[in-house]
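Single-structure report; data block below.
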Amino acid sequence: MQMKNSKGVGGLIITEEVIAKMSSTAAMEVAGVAGMAFQPLDKTRILSKVLPPKAVRVSTKDGEIVIDVFIAVKRDIRITDIAEAVQKNVKETVQNMTGSVVSKVNVHVSDIELAEEAAAE
């Protein structure tokens, strides 16, 4: 699906994949986000030949955008604070870059990073 915006003599088409990339980048900018996580599979997707789920799902309707972001968080961080910061940053980034209204940003915490970075080094 594409989001279309036509003003004047030309037109602008922004695909949902581009909006998903914007959203992913904006989410990763928030302190406490360890990375993007995949959507959990449901029964219907396991048996179908649909593409694997992605970390961001975008739906557009009547010029409004709804974004679902699936993230992994770092340990010892308050999840509600991270979720609110991700919502705000994703919404502002997408609205500023597209000029369209983002009506909802749903943040799904799908994973948590338990290993300490110091142990990996």
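Length available on full extension from residue 80 to residue 31: 0.36 nm per residue minus the Cα-Cα distance, which gives 16.4 nm. For residue 102, the residues whose modelled amide H falls within less than 5 Å of its own, excluding neighbours fewer than 5 places apart on the same chain, are 65.
Highest-first packing order for the peptide set 9-15, 86-92 is 86-92, 9-15, based on the mean count of other beta carbon atoms within 10 Å.
Here residue 22 sits with roughly 30 square angstrom of accessible surface, probe radius 1.4 Å. You can think of it this way: the chain between residue 92 and residue 64 has 8.7 nm of extra reach, that is 0.36 nm per residue less the Cα-Cα gap.
The values are calculated or read from the model by the stated rules, or taken from the named source; none is laboratory data. Being a predicted model, the structure only gives us computed values, none of them experimental. Every residue, glycine as well, gets a Cβ built from its backbone with ideal geometry; the counts of neighbours run over all protein chains shown. The protein model used for the area step is the full one, side chains on, heavy atoms only, and it has no ligands, DNA or RNA in it. Shrake-Rupley method; radii C 1.70, N 1.55, O 1.52, S 1.80 Å.
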